[in-house]
Amino acid sequence: MFDPYKALYIHVPFCKQRCAYCDFATRAVPQGDAAINAYADDMVLSIRRAGKQGFLGSIETVYLGGGTPTYLGSRALTEILYTLSLSMHLTDEVECSMEANPDSLDERLVKDVWALGVNRLSIGVQSFDDRVLGILGRVHDAEAAKRAIEIAHERFENVSVDLMCGIPGQSQESFAASVRTAVAAGVTHVSIYPLEIHEGTPFGRAVAAGRMPAIDEDLEASYMEIAEEILGQAGFSRYEVASYARPGFACRHNIAYWTGVPYLGLGPSAATMTQNATRRMRKQDDCVTDDLDARQMRVEDVMMGMRMSQGVSDELVAHASELAPELVDVLDGLASRGLCTHADGRWRPTERGWLCGNDLYGAILDVAP
Amino acid sequence: MKTADPTHIRNFSIIAHIDHGKSTISDRILEMTGTVAERDMQAQLLDSMDIERERGITIKSQAVRVDYTADDGEVYHFNLIDTPGHVDFTYEVSRSLAACEGAVLVVDATQGVEAQTVANAMMAMNANLEIIPLINKIDLPSAEPERVRAEIEDALAIPADDAILASGKTGAGIHDLLEAIVYDIPAPQGDPAAPLRALIFDSYFDAYRGVVALVRIVDGELHKGERVRLMATGQEHLVEEVGVRRPKEIPCESLTVGEVGYLVTGLKDPAQVKVGDTVTTVEHGVKEPLPGYREAKPMVYTGLYPIDSDQYPDLRDALDKLSLNDPALLYEPETSHALGFGFRVGFLGLLHMEVVKERLEREFGLDLLATAPSVEYHVYKTNGEMLSLHSPQDMPDPGEIEHIEEPYLKAKILIPPDYVGAVMDLTVARRGTFVTMNYLSQTTVEMIWELPLSELILDYFDKLKSNTKGYASLDYEFDGYKPSKLVKLDILLSGKPIDALSFIVHKDKAYDRGKVLCEKLKEIIPRQLFEVPIQAAVGGRVLARQTVKAKRKDVLAKCYGGDISRKRKLLEKQKQGKKRMKSIGNVEVPQEAFMAILKVDE
């Protein structure tokens, strides 16, 4: 027996073209490719099957990510969302997010997905600077990005944009301007991602060949500070390492990942986390990627919780300490190193704990690896 | 098994510069004489350790009895003594040679005469051995046997008209070699009726029988059941077993004059069986041992520390075990504020050190941290005492020091004439004193230098090789202690002196070394959550400083559903990386930091 899933993730593994930094599970296919229809058919079956098994009865948040969900086109998206609304209670209380790319988001699609229950759009803008977009290998330009936000706003109140920093050729001014443009465009949520360079991507190869500079962590740190400053002044609060929201617009689905809520993933490479009080298992493409006992699980909850500004409560730490008594000493040690603080019954990361999160999380994970 | 007729015994070594193919020639001899069936043939059979085989070097001497039916129809017993091919083991080589009447001098047909060719040939000549020159690797397209033949004659004054042209790889020339061994190498002399004198030229440890000594009978006979005395230590023991190695050990009743074999006395402590010692009988024994014995003396010292302090007992056991087969390996416990419990270990040289460290890590599963190698300094104190200093940590306060002496070497360098200038520049910069220079041939110059050992164990040899495009070869011998203006250079991390990073350096070099080392450490020490100042200081005076800036960002921003498993793995990997580092105070210091001094470019 395991606890009911509360979050559902649907992975869409298609894009118009792959970006130069991308290492996600996606591939470029032509519009209307047979693979898209085959995928939609499979997904419809998967959703119905999950529904019949009772996996969707307690779902509180849905997230369609990718890839580029909007690239599926109206017809395939309609099939999937319609099936979803038949298989679960896709009411307004359910946060239903969808990722979108500026170039594949049009008025028709906005209206269709809204009608079918999607209530949050996350637009992959990355930058409002055409030069930077060119370097990233994005298919859209800044104008298209602004227009996409406008179109989204015709139906959606809850619109998020992703912005990237630390891109070679990007200046601090360019990044700051992008952040300000996002604020001015009236979005309710912004995610700030420092560029990561992965092997096997065009960027990875360019860095390996010395054609592109390696990541400059100092520079990325200053970008993250710039974002914090501009967004803070504009009334956003940073609720996680990379996530900023106006009050009431934090992404509930993502918070589920950081608070140990069980989730179901459908589609290729989508991760599923199944658990009860004594065991937690994560699976991806039918492979078990983690199998944790109660001790590891409770310590992991503390670790993941420290990604968020709210941190973790004394109760959660006490719960984990029952099985991992050394945890409090470790947290005290981290506090003395300036990575977290303890106040008002909660352990919270400091700014430094955010920027040097691997030290913070690594030390906690070490308690029950 | 009956004892051999001395007139049909031939005892010989194969000597060569490293990599000239000594071990493959040995293997071919074993194969061609049918000593080892072809199916049991493993490349480089006599190199029994994995590391020996991998690195293509011989560390331990080996002796094998081979029966050869010569073209004259007679059966000859060959004792082939394979010797270590590295300058660290010169003493072992000299003892092995003392057990022989002849030597096969292997010279690479592409490389020609090199420093150890000269050194080994000299040693063989000093031991009055008959030398058979052999030009190896003639199958290679770049082989120049005629040039090499001329070099052997010019540089070594060994007639090389009849030098054997051979290939250890194809087996060409091996038959000629076997015949030459029969006809050119004299049969052993010695008096079978005289009191026993047997030379120990190597030993190894067997878990069941204790120490097994490899011996050459110089005079008399050695019988099973007899009581013998090891003359250097005065120990008396019963001969439990004698025999010959072919290469399997075959026991026999006795060994007679001229023979090479093994001896088991039940002795458990390898330190009691010393290479170069003489075995004689307790009754009617000789009074005078064979000449040439000396104690194996470490030249290079390093601190070995387990990275995980729980492995300290394992390290001790491993050193105990290794030293059973390696009496030259000396060690004593040492503690360091920075590194905890470990051992100060003495080695014959740098290769010996590397090999031992590698064996400890590989064969015993230890993760070790080695501090920069040091030499034995003699510190004369104002109170008249002399301190043998193996570790910079033990350096007394400057006020207590009258003067310090350091070990010097006589180094022999062979190079083509074009590189004389390059070697001059390098060696003078390393405090070398030029002694003399000889043209051995038109293409080979021999330079003799006096050089502090401490300079050699830095990267002198690497630098010598690179400054001469790989042409230089080097041989050296210990040349005594000389006074030197030496100081202890301390390295401070975050203001605290790190004992394991301190080292002893010539006063005039302290500033440069300190500066470069600080720069090097700045590259090696990863950025931490806080700033780490690095300082080099002598007697509290800071000579150089660098700072490792605090890291500002180390986090992956994206962490959603599928990322969590990946992230766990990443954090675990990061932790494995940290395990390879030593936490000193709160600074994580990678292992390379302790060896950084060796990589200091000037």
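Read-outs throughout are calculated quantities, based only on the coordinates presented, and are distinct from any laboratory measurement. Note that the structure is predicted; figures quoted are calculated from it, not measured. Neighbour counts are summed over all protein chains in view; Cβ atoms, including those assigned to glycine, are modelled from backbone coordinates with ideal geometry.
Can you pull the semi-axes for the range B:196-265, root of five times each eigenvalue of the Cα gyration tensor, sorted largest first, whole Å?
16, 15, 11
Which order do the peptides A:305-313, A:16-24, A:158-166 come out in when sorted by mean C-beta neighbours inside 10 angstrom, highest first?
Result, highest mean Cβ count within 10 Å first: A:158-166, A:305-313, A:16-24.
Using each residue's phi in the range B:408-415, evaluate 6.51 cos²θ - 1.76 cosθ + 1.60 at θ = phi - 60° and report the 3J(HN,Hα) Karplus result to the nearest Hz, with x for Gly and Pro.
10, 10, 9, 9, 10, 10, 10, 8
With an 8 Å Cα cut-off and a minimum separation of 6 or more residues, compute the relative contact order for the range A:179-325 in percent.
17 percent
Does anyone have the angle between helix B:420-429 and the longest principal axis of chain B? Alpha-carbon axes, 0 to 90°, nearest 10?
So the inclination is approximately 50 degrees.
Need one number: the % of Cα-Cα pairs in chain B sitting beyond the 36 Å mark.
Looking at chain B, the distances longer than 36 Å represent 45 percent of pairs.
Please enumerate, by chain and number, the aspartates and glutamates with C-alpha under 13 Å from the C-alpha of B:LYS558, excluding those fewer than 8 residues away in the same chain.
A:ASP23, A:ASP162, A:GLU196, A:GLU240
Less than 15 Å apart at the alpha-carbon level, and either on another chain or at least 8 residues along: which aspartates and glutamates does that give for B:LYS515?
The qualifying aspartates and glutamates are B:ASP490, B:GLU523, B:ASP601, B:GLU602.
For A:VAL62, enumerate residues with amide H under 5 Å from its amide H, sequence gap 5+ or separate chain, H modeled in the peptide plane.
Amide H neighbours of A:VAL62: A:LEU8, A:GLU95, A:CYS96, A:SER97.
Can you work out the FRET efficiency for the pair B:ALA193 and B:MET122, with r the C-beta to C-beta distance and R0 = 30 Å, to the nearest 0.05?
0.30
Using only Cα atoms, what Kirkwood radius does chain A have, in angstroms?
For chain A, the Kirkwood estimate is 21.6 Å.
Could you give the length gained by full extension between B:VAL420 and B:SER583, i.e. 0.36 nm per residue of separation minus their alpha carbon distance, to one decimal place?
Gain in length upon complete extension: 54.1 nm.
Which value in nm describes the separation of the simple spin-label points at A:SER85 and A:ASP42, placed 7 Å from the Cα toward the beta carbon?
2.6 nm
Treat each spin label as a single point 7 Å out from the Cα along the C-beta direction, and report the B:ASP512 to B:ALA207 distance in nm.
So the two model labels end up 5.2 nm from each other.
With N set to the residue count of the range A:23-138, report its C-alpha Rg divided by 2.2 N^0.38 Å to two decimal places.
Relative to the rule-of-thumb radius for its length, the range A:23-138 sits at 1.13.
Mind giving me the FRET efficiency for B:ASP310 and B:GLU523? R0 is 35 Å, r the Cβ-Cβ distance, nearest 0.05 is fine.
According to the calculation, E is roughly 0.70.
Treating cross-link reach as a plain straight distance, find the aspartates and glutamates whose alpha-carbon is under 16 Å from the alpha-carbon of B:LYS297, omitting any fewer than eight places away in the same chain.
Partners within reach: B:ASP88, B:GLU92, B:ASP202, B:ASP277, B:ASP326, B:GLU332, B:GLU376, B:GLU406, B:GLU477, B:ASP479.
Helix by helix through chain A, keep the DSSP H runs that span 15 Å or more along the axis on Cα and average at least -1.0 on Kyte-Doolittle, and give those back in order.
Those that pass (Cα extent of 15 Å or more, hydropathy at least -1.0) are A:34-52, A:74-87, A:142-153, A:172-184, A:217-233, A:294-305.
Going by alpha carbons, how many degrees (0 to 90, nearest 10) lie between the helix axis of B:145-156 and the longest principal axis of chain B?
Approximately 90 degrees, to the nearest 10.
I'd like the projected area of the range A:141-257, averaged over all directions, using the convex hull of its alpha carbons. Report it in nm² with one decimal.
The orientation-averaged projected area of the Cα hull of the range A:141-257 comes to 8.3 nm².
If a paramagnetic tag sat 7 Å from the Cα of B:HIS337 along the Cα-Cβ line, which residues of the range B:500-516 would have the backbone N under 13 Å from that point?
Within reach of a label on B:HIS337: B:500-502.
Can you work out the FRET efficiency for the pair B:LYS297 and B:LYS469, with r the C-beta to C-beta distance and R0 = 25 Å, to the nearest 0.05?
0.15
Per DSSP H run of at least 4 residues, take -39500 (n - 2.57); add these up for the protein assembly as shown, divide by its residues and hand me the 222 nm value, nearest 500 deg cm²/dmol.
-9000 deg cm²/dmol
Report, as a whole number in µm² per second, the diffusion coefficient that Stokes-Einstein gives for the protein assembly as shown at 25 °C and 0.890 mPa s using the Kirkwood radius over alpha carbon pairs.
72 µm²/s
Stokes-Einstein D for the range A:295-365 at 4 °C, 1.567 mPa s, Kirkwood Rh over Cα pairs, in µm²/s?
Stokes-Einstein gives a translational diffusion coefficient of 113 µm²/s.
How far is it, in nm, from the label point at B:LYS169 to the one at B:LYS268 when both lie 7 Å from their Cα along the line to the Cβ?
Calculated label separation equals 5.0 nm.
Along each of its three principal axes, how wide is the spread of alpha-carbon positions in the range B:462-602, in whole angstrom units, largest first?
68, 41, 21
Roughly what angle does helix B:115-126 make with the longest principal axis of chain B, taking Cα atoms, 0 to 90 degrees, to the nearest 10?
Tilt of helix B:115-126: around 40 degrees.
Just to be sure I follow the definition: excluding the sites themselves, where is the longest run in chain B that has none of the chymotrypsin sites (Phe, Trp or Tyr not before Pro) in a DSSP loop with at most 16 other Cβ atoms within 10 Å?
Here the longest segment lacking exposed loop sites spans B:209-529.
Lysine pairs in the range B:426-509 with Cα distance under 28 Å, only those 8 or more apart or on different chains: how many are there?
Taking the range B:426-509 as the scope, the lysine pair count is 19.
Could you tell me the number of lysine pairs in chain A with C-alpha atoms less than 23 Å from each other, where the two lysines are 8 or more residues apart or belong to different chains?
Eligible lysine pairs with Cα atoms under 23 Å apart amount to 6.
If we restrict to alpha carbons, what Rg and Dmax does the range B:302-401 come to, in Å?
Gyration radius and largest Cα-Cα distance of the range B:302-401: 14.7, 46 Å.
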